[in-house]
Amino acid sequence: MIDKLVVFGVGLIGGSFALALRQAGAVREIVGVGRSSGNLEEALRRGAIDRAETDAATAVKGADAVLLAVPVGQMGGVMEAIAPHLDAHTVVTDAGSTKGDVVALGRRYLAAHLTHFVPAHPIAGAEKSGAAAAGAELFQGRNVVITPTPETDAAAASQVRALWQACGATVREMTAQAHDEVFAAVSHLPHLLAFALVDEIASRANGEELFSYAASGFRDFTRIAGSSPEMWRDICLANRAALLKELDAYQAQIARLRAMLAGEDGAALERVFDHARAARNQWIADKRY
Ligand code: NAD
């Protein structure tokens, strides 16, 4: 049980964290800080936060834990605003989808507070945004990756672990670099591809006609193109080195498939499809998502 939690960005992730901890009885008071008054009012209405605060310095006063759940492009500004006002005991964590950049920002802006800085990424989410989409069950049975720095205090890391466990999540640990390489492959690349496909079709003169015939396969492949453009712009830019490598590997695979198609090599195509189907079915059967 902690006394006071402050959430910067009470959207899908920040709002769900707040609702889950409240449901678990793990926190007494939750203060929300945001950019849009409409979203903060929704967070209040839904009971995710007890009060909204506009001043970052006032908000973090006396906090036991601070969660930064803003787009990764906003993390540096928020860290800079709170750094001079943090109590010595306050644990700062984040929910950003990229970790190398957030750790670098932490080193820059939270240098005096690094022992109490625990970078984290919940592997749960949706293409929906804002407090209206938040729910106490979002992290139930999901993984949360924490990427403590060499300076991170073991007690601070334990506290962040305990908060995520109270949300029903399983906590795993890895380095920020390993995290960014893994998620470039299995999250950031698929989002880029979904946005690319929908944009390309929507830009055609007969885009409307094409959409009118699109069905469940198109819907499933492109679901994540309904995600927040700001959030995904920030993620792609922050993890561009790893993402460019994944894009190159994907382009090489597309070139291989193109050659099979041009050469009417049905056996080769079928081998690729067969291999992919078996791996995909196994992954679903293992419930690794
Ligand atoms: P969201 O758009 O639902 O919520 C973000 C909130 O932050 C918004 O309410 C916005 O108004 C607010 N905000 C933006 N800039 C701010 C600032 N400078 N100060 C205070 N508030 C600010 O987005 P989300 O899906 O909850 O994502 C939040 C973070 O979690 C991002 O860093 C994202 O990368 C990460 N994340 C998202 C998912 C997902 O699937 N959506 C999953 C895991 C992690």
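The values are calculated or read from the model by the stated rules, or taken from the named source; none is laboratory data. The shown structure was predicted, so the numbers you read here are calculated from the model rather than taken from an experiment. No Cβ is skipped: glycine too gets one built from the backbone with ideal geometry, and neighbour counts run over all protein chains shown. Please note that ligands, DNA and RNA were not included when accessible areas were found on the heavy atoms of the full protein model with its side chains. Shrake-Rupley method; radii C 1.70, N 1.55, O 1.52, S 1.80 Å.
Computed over Cα pairs, the Kirkwood radius of segment 135-254 leads via Stokes-Einstein (0.890 mPa s, 25 °C) to a diffusion coefficient of 144 µm² per second. The fraction of all Cα pairs in segment 189-246 landing in successive 5 Å bins from 0 to the largest distance is 4, 17, 25, 23, 15, 10, 6, 1, given as whole percents.
Reported to the nearest whole Å, the Cα centre-to-centre distance from segment 30-61 to segment 158-185 is 25. Placing unit charges on the Cβ atoms of the charged side chains and taking the dipole of segment 67-163 about its Cα centre, the candidate lying farthest along the positive direction among His113, Gln74, Val144 is Val144. Taking the chain as a Gaussian network of alpha-carbon nodes connected by springs under 10 Å, the highest mean-square fluctuation of the residues Thr98, Thr58, Thr115 belongs to Thr58.
Among residues other than Leu40 whose Cβ falls under 15 Å from its Cβ, what is the net charge (Lys/Arg +1, Asp/Glu -1)? In short, -1.
Screening the chain for whole DSSP H helices with an alpha carbon extent of at least 15 angstrom along the helix axis and a mean Kyte-Doolittle hydropathy of at least 0.5 yields 12-23, 189-202. To the nearest 10 square angstrom, what accessible area does Asp248 show with a 1.4 Å probe? Number for this one is 90 Å². Scaling the Cα radius of gyration of segment 235-288 by the globular reference 2.2 N^0.38 Å produces a ratio of 1.47.
Treating the beta-carbon of each Lys and Arg as +1 and of each Asp and Glu as -1, no other charges, what is the dipole magnitude of the chain about its Cα centre, to the nearest 20 debye? Don't skip to the end; give the middle numbers.
Numbers: 28 positive and 33 negative charges, 80 e Å.
I would put it at about 380 debye.
Any chance you could check the Cα centroid distance between segment 235-287 and segment 76-90 for me, in angstrom? Distance between centres, Cα-based: 43 Å. Gap in Å between the Cα centre of segment 213-233 and the Cα centre of segment 98-154? Value for the Cα centre distance between the two parts: 25 Å. Extension gain for the segment Phe273 to Asp87, taken as residue separation times 0.36 nm less the Cα-Cα distance, is 61.4 nm to one decimal. Express in Å², to the nearest 10, the accessible area of Met174 obtained by rolling a 1.4 Å probe over the protein heavy atoms while all chains stay in place. We get 60 Å² for Met174.
Highest GNM mean-square fluctuation among Ala126, Ala202, Ala65, for the chain modelled with Cα contacts below 10 Å: Ala202.
If Leu110, Leu193 are ordered by their accessible area, calculated over protein heavy atoms with a 1.4 Å probe, which sequence runs from highest to lowest?
On the way: Leu110 5, Leu193 35 Å².
I get Leu193, Leu110, largest accessible area first.
What's the local net charge at Leu197, with K and R +1, D and E -1, over the other residues with C-beta under 13 Å away? Here the count lands on 0. Residues whose amide H lies under 5 Å from that of Glu173, counting only those 5 or more places away or on a different chain, are Ile146; hydrogens are built 1.01 Å from N in the peptide plane.
What 222 nm value per residue comes from the helices of the chain, counting each DSSP H run with n ≥ 4 as -39,500 (n - 2.57) and dividing by all residues, nearest 500 deg cm²/dmol? The per-residue figure over the chain is -15500 deg cm²/dmol.
A viscosity of 0.692 mPa s and a temperature of 37 °C, combined with the Kirkwood radius over Cα pairs in Stokes-Einstein, give a translational diffusion coefficient for the chain of 160 µm²/s.
Under a Cβ-Cβ cut-off of 13 Å, what is the net charge of the residues other than Ala83 that fall near it, where Lys and Arg count +1 and Asp and Glu count -1? Can you show the working numbers first?
On the way: positive: Arg107, Arg108; negative: Glu80, Asp87.
Around Ala83, the charge tally is 0.
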